[in-house]
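Comments concern the structure below.
Read-outs: derived from the displayed coordinates by stated rules, not from any lab. All values derive from a computational prediction rather than experimental measurement. Glycine also receives a Cβ, built like all others from the backbone with ideal geometry; neighbour counts cover every protein chain displayed.
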Amino acid sequence: MSEKKPAKWVIDVRQITKTYQMGDVKLQVLRGIDLRVAKGEFISIMGPSGSGKSTLMNILGALDQPTSGQYFLDGVDVSKMSEAELARVRNRKIGFVFQSFNLLKRTEAIRQVELPLMYAGVPNRTKRAKAALEAVGLGARLDHLPSELSGGQQQRVAIARAIVTEPAVILADEPTGNLDSRSGTEVMQIFQRLNREKHITTIFVTHDPWIARHTNRVVMLRDGRVVADQKVKAPLNAGEAERPSEAEELQGVFEEVYYGGKREEYN
């Protein structure tokens, strides 16, 4: 029986480690991660290649299990669950949005959004799927195939699919990576609005400082450890200003959060 405790934190990660066996060599990717995320937070996880952020995302998304440590999701310890239990958690507690959209080519938008509800055995699937698509501005595209939608619209379908089960948290992995600047801005506007109006807890895993500047908190990883964890003083509102150059974005994020950043404890 999984441990149940009061869910003060939607995500409560305690001293998580992850080690992979590569032949005779052990590769330690995560080295004692502590992370707490409250309901309604809007945060980004950043770090250079090899920092461990993809591995951490897989653990947060119940796609992988830690080598040691505990992971409480919405008050339930999922760090020792079976594969079947993890599958149920992924279906009911986590919404995923990926860079590549991951839509079925021959399936209409409304059926794409219904799929998680079908696997969960939820009634009134069509009604709920329609409401989710309307929430992302696609109420007039319910019967469209992915090939009939722009990249930005396809990502909106993916967002609708992620929110339709009313999950505890949305994990967004480089959600604007395959989009042009205009579509990326529109997608970030949707994420911000859903967070503001529906208090949907959202975690972005990203290389993109522009995404991080729109969130309220940035967690920096390096060599499998959290090296900075701070609130963003003045988050950007998507669409209100032109996107700065990559150098300016990096300077803004790293000066504010990383270089000499005082870690803020979320206790």
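Tell me the label-point distance for the pair ASP180, GLU197, using the 7 Å Cα-to-Cβ offset, in nm and rounded to one decimal.
Between ASP180 and GLU197, the simple spin-label model gives 2.6 nm.
Ranked from highest to lowest mean number of other Cβ atoms within 10 Å per residue, what is the order of the peptides 20-28, 94-102, 117-125?
94-102, 117-125, 20-28
What is the stretch 57-194 by shape, rounded, prolate or oblate, if you read a ≥ b ≥ c off the alpha carbon gyration tensor as root eigenvalues and call it rounded for a/c under 1.5, prolate for a/b larger than b/c, and oblate otherwise? Spell out each step's value before the answer.
Details: a/c = 2.15, a/b = 1.52, b/c = 1.42.
Prolate, because a/c is 1.5 or more and a/b exceeds b/c.
Given H placed on each backbone N at 1.01 Å, which residues far from ARG222 in sequence or on other chains put an amide H within less than 5 Å of it?
For ARG222, whose amide H was placed from the backbone, the distant partners under 5 Å are VAL227.
Determine the dipole magnitude for the stretch 1-140: charges of +1 sit on the beta-carbon of Lys and Arg, -1 on that of Asp and Glu, nothing else is charged, the reference point is the Cα centre, and the result goes in debye to the nearest 20. If you can, show how the numbers build up before the last one.
Working: 22 positive and 13 negative charges, 65 e Å.
Magnitude of the dipole: close to 320 debye.
Output the peptides 77-88, 57-68 sorted from most to least packed, where packing is the average of other Cβ atoms within 10 Å over each peptide's residues.
Packing order, densest peptide first, comes out as 57-68, 77-88.
Could you give the distance between the Cα centres of the stretch 102-145 and the stretch 173-238, to the whole Å?
25 Å
How large is the charge dipole for the chain, taken about the Cα centre, if only the Cβ atoms of Lys, Arg (+1) and Asp, Glu (-1) carry charge, to the nearest 20 debye? Can you show the working numbers first?
Details: 38 positive and 33 negative charges, 177 e Å.
Charge dipole of the chain: 860 debye, to the nearest 20.
Pairs LYS53/LYS93; LYS80/LYS105; LYS8/LYS231; LYS39/LYS233: which exceed 26 Å Cα-Cα?
LYS80/LYS105
Please report HIS199, HIS144 as a ranked list, fewest other C-beta atoms within 10 angstrom at the top and most at the bottom.
HIS199, HIS144
In cubic angstrom, how much convex hull volume per residue do the alpha carbon atoms of the stretch 80-155 span?
So the per-residue hull volume is 104 Å³.
What translational diffusion coefficient, to the nearest whole µm²/s, does the stretch 167-246 have by Stokes-Einstein, given a Kirkwood radius computed over alpha-carbon pairs, a temperature of 10 °C and 1.306 mPa s viscosity?
In µm²/s, the coefficient is 118.
Treat each spin label as a single point 7 Å out from the Cα along the C-beta direction, and report the THR19 to PHE98 distance in nm.
Label at THR19, label at PHE98, 3.0 nm between them.
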